[in-house]
Amino acid sequence: MFLMIATWRNWARTERSRPALHLAPRSVKHVVQAVQRARETGHAVKAIGSSHSFNAIGATDGVRIDLSRLRGLVDVDLERGRVTLWAGTHLWELPSILTPLGLALENMGDIDRQTISGATSTGTHGTGLAFGGLATRIVAATLVTGAGEVLTVSEHENSDQLPAMALGLGALGVLVTVTIQCVPRYLLHAVEAAAPLDQVLDEFVERNRAADHFEFYWFAHTTSTRTKTNTRLPIESVARPLSTFARFVDEELINNALLGAVVGVESLVTSATPRINRAIESVSSRRDYSDESHRVFVTRRRVRFREMEYALPLAAVPEALREIRALIDRQRYRVSFPIEVRAAAADTLWLSTAYARETGYIAVHRYWRDAPDGYFRDVEALLRAHDGRPHWGKMHTCDAEGLRDTYPMFDEFVRVRDQLDPDRVFANPYLDRVLGQ
Ligand SMILES: Cc1cc2nc3c(=O)[nH]c(=O)nc-3n(C[C@H](O)[C@H](O)[C@H](O)COP(=O)(O)OP(=O)(O)OC[C@H]3O[C@@H](n4cnc5c(N)ncnc54)[C@H](O)[C@@H]3O)c2cc1C
């Protein structure tokens, strides 16, 4: 096991902590030893993935367990299309594992830098009303509990704990393997186009029902959106991928280099934001292409930002977004990053933001260097009034009391936590706030 002490920071540079010890175990046995030793010395334990959460869910002053040496394929069940992965496997590593097996993830978010265990533990999702978040595809998992014991949960073993363990916020133990239900490889046909905001809001639910995957971005201070509609195609279909040059221009020059330069200027000269947003929106071109699924879902995000995202009952999204627009106008907030709107199927994971309801997601962003103002606070109050549930890996101020009201199975989750981690070995201040102590 590799030992070192270093300050930890998350991707968005919103959080930092100084663990007492940083361990990178090479085996399940090492994870067990690490948890047992931490217990003996009275240290907390926190597993970490790629540190892409925007809040302090990954912070600890105890023992940090880095899963980067537990990566790759453990086992495959080709008949059922299932793969068992080491918990530290990154999403970007999956195509090289799954493609030769003829498999793919059923759905993905917009980046692939996360680990499979970090992404599922915080409820990472993509878009598409027929599809749940990544954690809904977990059919089995192995974790090391707070007692330092190895526990397997699957349809056949301890199945009553699966709805908690698949999306466990890192509160139940250190995941060492997860088994994912995959689908046969497929292509996505993507159409990206501009559309008026009011029209997209009027048609929001229908557009989501009509498409496999629908999402849109709205640049505040403009009247237009950028919509993205993806249709699933059999893998045998003829792909028409973006040329390397087109991808470079759109993703590197416009989404990263131009956006980075622009938001940097805007953070200094906020009065320029509305004009700059209108200019960016007008240069966004229509794109129509098809490619292997992961290449369409995933984009590169190199401009650093802070993010808050709330899950709402699907039908509440248009009204909530109109309220955000009115709020921005009323408070004269200058908002340089686009607001992102997505959707997901209802699911059965106890702490899933889409638990028992068809869900729409509204995500707001701020350039990481922008001085904090009341924008997130005001948007959060507005989204909570729509029975919003915060993304577990993004910025929010909710506590256990408020969250218990919106999660019908909250106390069931706490009961499983009491069984698997009665001494709160995996606690940190974030978990104390959102789950209680
Ligand atoms: C640029 C960017 C884009 C993003 N896009 C999306 C998106 O499209 N959709 C979306 O829903 N989210 C998105 N997110 C949020 C992100 O997916 C989540 O915050 C996710 O948790 C990050 O994964 P990670 O591997 O970095 O986890 P980390 O942030 O490292 O860890 C999150 C928590 O997971 C737990 N954890 C990690 N590994 C283990 C383990 N082995 N055992 C037990 N618990 C563990 C720990 O409690 C940890 O604190 C995005 C974030 C960024 C920065």
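Computed values, structure above
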| quantity | calculated |
| --- | --- |
| In sequence order, calculated HN-Hα J values of region 105-119 (Karplus, 6.51, -1.76, 1.60; Hz; x Gly/Pro) | 6, 5, 8, 9, x, 9, 9, 10, 7, 6, 8, 5, 6, x, 4 |
| For region 44-132: rounded, prolate or oblate by the Cα gyration tensor [a/c cutoff 1.5] | oblate |
| Cα gyration tensor shape for region 346-385, rounded if a/c is under 1.5, else prolate or oblate | prolate |
| Whole-Å semi-axes of region 143-209's equivalent ellipsoid (Cα gyration tensor) | 41, 16, 12 |
| Region 70-184: C-alpha pair distances exceeding 18 Å, % | 45 percent |
| 19 Å Cα-Cα reach of Lys29 towards aspartates and glutamates, excluding residues that sit fewer than 8 places from it in its own chain | Glu40, Asp66, Asp75, Glu149, Asp421 |
| Relative contact order of the chain, pairs being alpha-carbon contacts under 8 Å that are 6 or more residues apart, as % | 18 percent |
| Residue-by-residue Karplus 3J(HN,Hα) for region 151-161, coefficients 6.51, -1.76, 1.60, Hz, glycine and proline x | 10, 10, 10, 7, 4, 9, 10, 6, 5, 5, 8 |
| Hz values of 3J(HN,Hα) by residue in region 334-348 - Karplus curve (6.51, -1.76, 1.60), Gly and Pro given as x | 9, 10, 8, 7, x, 8, 10, 10, 9, 8, 8, 5, 5, 9, 10 |
| Cα-based reach from Lys394 at 15 Å (exclusive), listing aspartates and glutamates while leaving out same-chain residues under 8 positions away | Glu15, Asp110, Glu307, Glu309, Glu340, Glu380 |
| The chain: calculated mean residue ellipticity at 222 nm from DSSP helix runs of at least 4, using -39500 (n - 2.57) | -7500 deg cm²/dmol |
| Projected-area average for region 288-345 over all orientations - Cα convex hull basis, square nanometres | 6.2 nm² |
| Within the chain, longest stretch free of exposed GluC sites (Glu not before Pro) [DSSP loop, at most 12 other beta carbons within 10 Å] | 237-437 |
| With eigenvalues of the C-alpha gyration tensor scaled by 5 and rooted, the chain, Å | 34, 25, 21 |
| Rounded, prolate or oblate (a/c below 1.5 giving rounded, otherwise prolate when a/b exceeds b/c) for region 1-88 by Cα gyration tensor | oblate |
| Sparse-neighbour loop sites [trypsin sites (Lys or Arg not before Pro); region 1-68; at most 13 other C-beta within 10 Å; DSSP] | Arg13, Arg26 |
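Computed from the coordinates by the stated procedures, all read-outs in this text should not be read as laboratory data. Keep in mind it's a predicted model, so treat the numbers as computed, not measured. Note: ideal-geometry Cβ built from the backbone for every residue, glycine included; neighbour counts use all protein chains shown.
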